[in-house]
Amino acid sequence: MILDSFSTTFFSTIRGFHNLLFESISSIIFQVVVITFGLTVLHFGLGLKWLMGALVAASVFNFIYSTILVRFKWRIKITPKINKELIRLIIKIAVPFGLFAIFQKLFLYLDTVLLSMLAGDRYVGLYQIAFKIIFALQFLPLAFIASLYPAFASYWKENREQLVITFERAMNYLIIISLPISAGIIILADKIILLFSEGYADAVLPLQLIMVSLIFVFLNFPVGSLLNACDKQRVNTINMGIVLAISVFLNLILIPIYKTIGASITVIIANLTMFILGMYQVPKIIAYRPKKIISTFLKVFISSLIMAAVAAYLKSFINIFIVIAISGFIYFALLFLLGGFKKADIISIWSSFIKKEA
């Protein structure tokens, strides 16, 4: 945790220069180190203490790598320097972010603890299959927002019109990504669970329910980032605190009655609440155009619905991976025909992945 706090700080500094290449490389190597070290420990049966060392080894790499980048590529001195005014300012700014992180961690993991206490570990196992899938998918909005957050902060100070455009595009792109994934997994949930084991059949419905919340999970990233970038981090933290309280309350009521299903329903309500609370604040910051976002949502919804119908028909007699490929092609073709995205959007996204010449 100590090493990661420094690595996060250094990579956040690099994000300020609108560069995510090295952080992306680091993320991949981090996972490779964890897997390699972890599998080696498991193979030789060295026990839990050495297994935890996999995370330490990966964190050591991240720390050294990020330190070298900041010091030698960006030539930023990493030496202690006491500035009382700056320290006071950082603490004042950081407290809401710190509380948000605490609330968020409790929100993400307390349901598992309550499920274990109120229902039993079997239901924890079933719930974790669904939860881990949605947790893994969060890398998409996380990567997207990592590049957008510095831009949001910059536009808030210098170009409010561009801030509106960037926020609307972020919302539209994440709707385009999240809705078909949600619809596809809901339809193919039984086939996906079979990839784990036939013994996990009871995890199908929890997975389908949790996938309903995926669009709100994705859209909460740009909404929350906008609030944080525009000096509304206290509001965002209060919203997270409210959602945490609602989550705990609902879990205490629903888990004893409905077990895993109750926890899954809570996830939907909690993420929807976070979205509503965040969107309530957005018009107070920027004059965005709701009709533009709603128009995109309707086009994506229609395309996803047709895609889901095709997937439901094909899944019974075609391999799941082929079904996914066909469904994806149908979705994007329909969305293009409906005007959900245009050639200019494709060029814009593609250009963000290629290195521009000075």
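Check segment 196-203 and report whether any residue there is small (Gly, Ala, Ser) and crowded, with 23+ Cβ neighbours inside 10 Å. Spell out how you get there, then give the answer.
Step one: filter segment 196-203 for residues small (Gly, Ala, Ser), giving 197, 199, 201, 203.
Of the ones still in play, those that are also crowded, with 23+ Cβ neighbours inside 10 Å are 203.
Taking every residue of segment 196-203 in turn, at least one turns out to be small (Gly, Ala, Ser) and crowded, with 23+ Cβ neighbours inside 10 Å.
Take the residues in segment 14-52 that are within 14 Å of residue 63 (Cβ to Cβ) and in contact with a helix residue (DSSP H, G or I) (Cβ under 6 Å, 6 or more places away or on another chain), then tell me which one is surrounded by the fewest Cβ atoms within 10 Å (Cβ to Cβ).
22
Sort out which residues of segment 61-75 are surrounded by fewer than 14 Cβ atoms within 10 Å (Cβ to Cβ) and among the aliphatic types (A, V, I, L, M), and write them in order of number.
Selection gives 64, 68.
With the requirement that a residue be of a type in the set (S, T, N, Q) and out of contact with any Gly (no Cβ under 9 Å at 6 or more places or on another chain), what does segment 296-316 give you? Walk me through how you get there before you give the answer.
Step one: filter segment 296-316 for residues of a type in the set (S, T, N, Q), giving 296, 303-304, 316.
Within segment 296-316, just 316 meets the criteria.
Of the residues 245, 263, which single one is of a type outside the set (S, T, N, Q), in contact with a helix residue (DSSP H, G or I) (Cβ under 7 Å, 6 or more places away or on another chain) and more than 22 Å from residue 179 (Cβ to Cβ)? Give the steps one after another, and end with the answer.
Details: 245 fails: in contact with a helix residue (DSSP H, G or I) (Cβ under 7 Å, 6 or more places away or on another chain).
After ruling out the rest, the residue left standing is 263.
Any residue in segment 20-48 that is assigned by TED's automatic domain parsing to the domain that holds residue 74 and in contact (Cβ under 8 Å) with a residue 24 or more places away in the chain sitting within a Cβ distance under 6 Å of a residue that is surrounded by 11 or more Cβ atoms within 10 Å (Cβ to Cβ) and not hydrophobic (A, V, I, L, M, F, W, C)? List the pairs, counting only those 6 or more apart or interchain.
Close Cβ pairs (under 6 Å, with a partner that is surrounded by 11 or more Cβ atoms within 10 Å (Cβ to Cβ) and not hydrophobic (A, V, I, L, M, F, W, C)) amount to 20/147; 26/62; 26/65; 30/62.
Considering only residues that are of a type in the set (D, E, K, R) and within 13 Å of residue 175 (Cα to Cα), look in segment 267-318 and name the one that is surrounded by the most Cβ atoms within 10 Å (Cβ to Cβ). Walk me through it before giving the result.
Of all residues in segment 267-318, those of a type in the set (D, E, K, R) come to 284, 289, 291-292, 299, 315.
Then keep just the ones that are within 13 Å of residue 175 (Cα to Cα); that gives 292, 299.
Working: 292: 13, 299: 21.
Restricting to residues being of a type in the set (D, E, K, R) and within 13 Å of residue 175 (Cα to Cα), the top hit is 299.
Restrict the check to segment 124-136 and report whether at least one residue is within 30 Å of residue 282 (Cβ to Cβ), crowded, with 18+ Cβ neighbours inside 10 Å and at pLDDT 90 or above.
Pass one, segment 124-136, residues within 30 Å of residue 282 (Cβ to Cβ): 130-131, 133-136.
With crowded, with 18+ Cβ neighbours inside 10 Å added as a condition, the list becomes 130-131, 133-134.
Adding the requirement that they be at pLDDT 90 or above leaves none.
Scanning segment 124-136, I find no residue that is within 30 Å of residue 282 (Cβ to Cβ), crowded, with 18+ Cβ neighbours inside 10 Å and at pLDDT 90 or above, so the answer is no.
Using beta carbons and a limit of 6 Å, which pairs, at least six apart or on different chains, have the first residue in segment 160-182 and touching a residue at least 24 places away in the same chain (Cβ under 8 Å) and the second one of a type in the set (Phe, Trp, Tyr) and in a helix (DSSP H, G or I)?
Short answer, once both residue conditions are applied: 163/155; 163/156; 174/218; 175/297; 178/218; 180/331.
Could you grab me the full set of residues in segment 83-113 that are of a type outside the set (A, V, I, L, M, F, W, C) and touching a residue at least 12 places away in the same chain (Cβ under 8 Å)?
Going through segment 83-113, the residues of a type outside the set (A, V, I, L, M, F, W, C) turn out to be 83-85, 88, 92, 96, 98, 104-105, 109, 111-112.
Within segment 83-113, 96, 104, 111, 112 qualify.
Of everything in segment 333-344 that's in a helix (DSSP H, G or I) and in contact (Cβ under 8 Å) with a residue 12 or more places away in the chain, which residue is surrounded by the most Cβ atoms within 10 Å (Cβ to Cβ)?
Keep residues of segment 333-344 that are in a helix (DSSP H, G or I), which gives 333-338, 343-344.
Now drop any that are not in contact (Cβ under 8 Å) with a residue 12 or more places away in the chain, which leaves 334-335, 338.
Numbers: 334: 20, 335: 22, 338: 14.
Ranking the candidates gives 335 first.
Mind checking whether some residue in segment 146-169 is closer than 30 Å to residue 248 by Cβ and either surrounded by 14 or more Cβ atoms within 10 Å (Cβ to Cβ) or modelled with pLDDT of 90 or more (or both)? Even if it seems obvious, please write down each step before you answer.
Of the residues in segment 146-169, the ones closer than 30 Å to residue 248 by Cβ are 146, 149.
Now drop any that are not either surrounded by 14 or more Cβ atoms within 10 Å (Cβ to Cβ) or modelled with pLDDT of 90 or more (or both), which leaves 146, 149.
Looking through segment 146-169, at least one residue is closer than 30 Å to residue 248 by Cβ and either surrounded by 14 or more Cβ atoms within 10 Å (Cβ to Cβ) or modelled with pLDDT of 90 or more (or both).
The values are calculated or read from the model by the stated rules, or taken from the named source; none is laboratory data. Note that this is a predicted model, so its numbers are computed, not measured. Every residue, glycine as well, gets a Cβ built from its backbone with ideal geometry; the counts of neighbours run over all protein chains shown.
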